[in-house]
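A.B. asks: Quick one: the structure is below, and I'll ask about it shortly.
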């Protein structure tokens, strides 16, 4: 579906000249990559700036080689109207060091009861999402898709059947949950709503994107939808591609929504990424305070951070192991998300020392959030420099 722009010689030569002037120790062993694009992050401002701000989140993104991100709407106020989304845009204009594109919410207050001012926000929102809460009403989602189609905007769906399939669960309903006595989150809670939404897309014909898929069943549903010709894409995250539920511990840093699932699910996601069913990687960077993540699996808040470790995790666990090429990784971290969300490529780039081995230490993060499932792991790939529109936004 998408065309890769990995290592365009004329761009690389220009970037290399710039990099050499900025990095005294520049070596030809360093790799220059285009700026990454993450279509699913939470920067928590306005409303929850004790967790993260536009300033801290965008700096963390720049450190991870990202020059464009899309911010989810679970804020206060929720961007469900023009005044509310403009409040966020004013902060972005003032504080962001990279491109930050806000989502508008599908429903007012993300409560699923009344549609937001989609028409008014269309000029300002990258797309519409109620991320964090699946839209439970079929009729509500149908009407949202109709209005989004008329506006030529995409519906970006957090797919989750809340009540009957997620009864207070905190991790995947699998082996770890059974061994340790936790209430599990059923895989059907995700794929059942994807199935519903695909029926609506078939009926209405809107552009549709699925957030953070985590199950083998979801991969297969999307594979069939694409074969049918539906205008559907999806994303998954680094932790879903590289971990399974038996890799987790009982600390809050292993709790996210959807949860890390089985080895079967992980392998299906990797297969889907390689065959093009899964279009892109997004971190779902979701910072919380230390207190909110210090209550174990049962009581900690859902969400982990990922912008500063995403590339290194995927390079170490997928590229260095031979499961994926570096070209493919750049395609799903930069080219595909930009193409799908119609975001400019520009001349943004980052410089990496792929031979640099380091241990993940959250105390070093620029993000205010410190909870990562990769804490203590040894990874390869250090970002030395990130340049946005000719301006240094991060330098190691």
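Values quoted throughout were computed directly from the atomic coordinates according to the rules given, and no laboratory measurement underlies them. What you see is a predicted model; the values in this text were computed from it and never measured. Ideal geometry is used to build each Cβ from the backbone, glycine not excepted, and the neighbour counts take in all protein chains shown.
A.B. asks: How many angstrom lie between the C-alpha centres of the range 247-271 and the range 105-153?
C.D. replies: When both Cα centres are located, 29 Å separates them.
A.B. asks: Can you give me the convex hull volume of the Cα atoms of the range 198-277, divided per residue and expressed in Å³?
C.D. replies: Each residue corresponds to 85 Å³ of Cα convex hull volume.
A.B. asks: Taking the chain as a Gaussian network, Cα atoms linked when under 10 Å apart, which of 170, 234, 15 shows the biggest mean-square fluctuation?
C.D. replies: Of the options given, 15 has the highest mean-square fluctuation.
A.B. asks: Mind sorting 358, 365 by how few other Cβ atoms lie within 10 Å of their own Cβ, fewest first?
C.D. replies: 358, 365
A.B. asks: Which number comes out as Rg/Rh for the range 55-172 once both Rg and the Kirkwood Rh are worked out on C-alpha atoms?
C.D. replies: When Rh is taken as the Kirkwood radius, the ratio is 1.01.
A.B. asks: Using a Gaussian network model on the chain with a 10 Å cutoff between Cα atoms, which of 63, 224, 261 fluctuates the most?
C.D. replies: Maximum fluctuation in the GNM of the chain, among the listed residues, is at 224.
A.B. asks: Would you mind telling me which residue in 214, 187, 298 has the biggest mean-square fluctuation in a Gaussian network model of the chain, where springs connect alpha carbons within a distance under 10 angstrom?
C.D. replies: The residue with the greatest mean-square fluctuation here is 298.
A.B. asks: Taking the DSSP beta bridges in the chain as the whole, what percent of them are antiparallel, to the nearest 5?
C.D. replies: 45
A.B. asks: Something else: Give me 335, 28, 353 ranked fewest to most by other Cβ atoms within 10 Å of their Cβ, as a rough exposure proxy.
C.D. replies: Listed from fewest to most nearby Cβ atoms, that is 28, 353, 335.
A.B. asks: So what's the back-of-envelope 222 nm ellipticity for the chain, counting only DSSP H runs of four-plus at -39500 (n - 2.57) apiece and dividing by all residues, rounded to 500?
C.D. replies: -9000 deg cm²/dmol
A.B. asks: Just to compare against my own numbers: the Cα pair-distance distribution for the chain, 20 Å bins, whole % per bin, please.
C.D. replies: In order of increasing distance, the bins hold 29, 61, 9 percent.
A.B. asks: Taking the Cα centroid of the range 345-368 and of the range 185-203, what is the distance between the two, rounded to the nearest whole Å?
C.D. replies: Taking the Cα centre of each part, the range 345-368 and the range 185-203 sit 35 Å apart.
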